[in-house]
Amino acid sequence: MSTLKGMVHQTSNGTAVVVVQESVYSLEALFRTCYLFTDRCYLFLKRVDGESIEVHITVKNEATGLDALVGEFCNELIDQRVRADISRESGKIREIIVAQAFAEGNLLDALGTTPGRDDYNEDPLGIGDSSEHRNS
Amino acid sequence: MIPVSIGIPETIRLDKEFYPASSLRRAISDFAEYLSARITDDRDYIALHIRFDPQYSSNSSTVVREFLNYALDLALKARFTAEDEASPDD
């Protein structure tokens, strides 16, 4: 377990203890990671102090390599952290896209400041023209 | 790591934020065949008092790990289910 020295500070009898700093990985990221791993290993969470949480990881199957499992767990922590960051950054845009997909009108031009833009017959984007152009 | 003496009640301190009482109660009910346990609610943590049926003495540590893993899984499942219901667009 030397490759993860510092983060994994103790191992014994097929168990590794990963110390997770909350300032680096949010509780949300930790919980989602744990949820993905409860079927592959035994997990036990213990708060060490206000900043750190110990994750005790024990292999369920002897054939499963503990090092690889811990490595995957740590990678998943990073992945979940990045996912949370991206979700936070693009959350508003995603909401608008979903809302627009189910809306009848143009949510971005709800006041109708661009007359005729929502009118099918007006074809403001010239979709019909380009289609005819392609077919000709 | 998780010491358990056969036939002697052991107490394991569990953080409430990871092991809520509701999940522990459900886990105790589902594991009733293998162990008997009760919980007491302290201000900062939940104390799990656990006693083993002697016939499962050979693998008591594994059963405890299974139990705690199951309780954690229940807690996380409840947490994410509640979040999904709160934000159906996600």
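The values are calculated or read from the model by the stated rules, or taken from the named source; none is laboratory data. Predicted, not measured: the structure shown is a model, and the values here were computed from it. So basically every Cβ, Gly included, is an ideal-geometry build from the backbone, and we count neighbours across all protein chains shown.
One residue alone among B:Ser61, B:Ser57 is within 12 Å of another protein chain (Cβ to nearest Cβ) and at pLDDT below 90, and that residue is B:Ser61. Close Cβ contacts (under 8 Å, 6 or more residues apart or on different chains) running from residues in region B:1-28 that are within 14 Å of chain A (Cβ to nearest Cβ) and within 15 Å of B:Asp44 (Cα to Cα) to residues that are part of a loop (DSSP other than H, G, I, E, B) and modelled with pLDDT of 55 or more comprise B:Ile12/B:Ile2; B:Lys16/B:Asp44.
Counting only residues that are among the hydroxyl-bearing types (Ser, Thr, Tyr) and over 10 Å from the mean Cα position of the chain (by Cα), which one in region B:1-20 is modelled with the lowest pLDDT?
B:Ser5
Considering region A:53-101, and only residues there that are touching a Phe, Trp or Tyr at 6+ places or on another chain (Cβ under 7 Å), in contact (Cβ under 8 Å) with a residue 40 or more places away in the chain and not in a helix (DSSP H, G or I), the residue that is farthest from A:Val17 (Cα to Cα) turns out to be A:Thr58.
If the condition is being of a type in the set (A, V, I, L, M, F, W, C), over 24 Å from B:Asn59 (Cβ atoms) and in contact (Cβ under 8 Å) with a residue 24 or more places away in the chain, then region A:28-52 contributes A:Ala29, A:Leu30, A:Leu36, A:Val48.
Total residues in region A:22-54 satisfying the condition of being among the hydrophobic types (A, V, I, L, M, F, W, C), more than 10 Å from chain B (Cβ to nearest Cβ) and buried (at least 17 other Cβ atoms within 10 Å of the Cβ): the figure is 1. B:Leu76 meets the conditions (1) away from every other protein chain (no Cβ under 12 Å); (2) in contact with a helix residue (DSSP H, G or I) (Cβ under 6 Å, 6 or more places away or on another chain) in every case but one. The failed one is (1).
The condition (being assigned to a strand (DSSP E or B) and modelled with pLDDT of 90 or more) is satisfied by just one residue among B:Arg38, B:Arg79, B:Arg26, B:Arg51: B:Arg38. For region B:63-87, filtering for residues that are surrounded by fewer than 17 Cβ atoms within 10 Å (Cβ to Cβ) and hydroxyl-bearing (Ser, Thr, Tyr) leaves 2.
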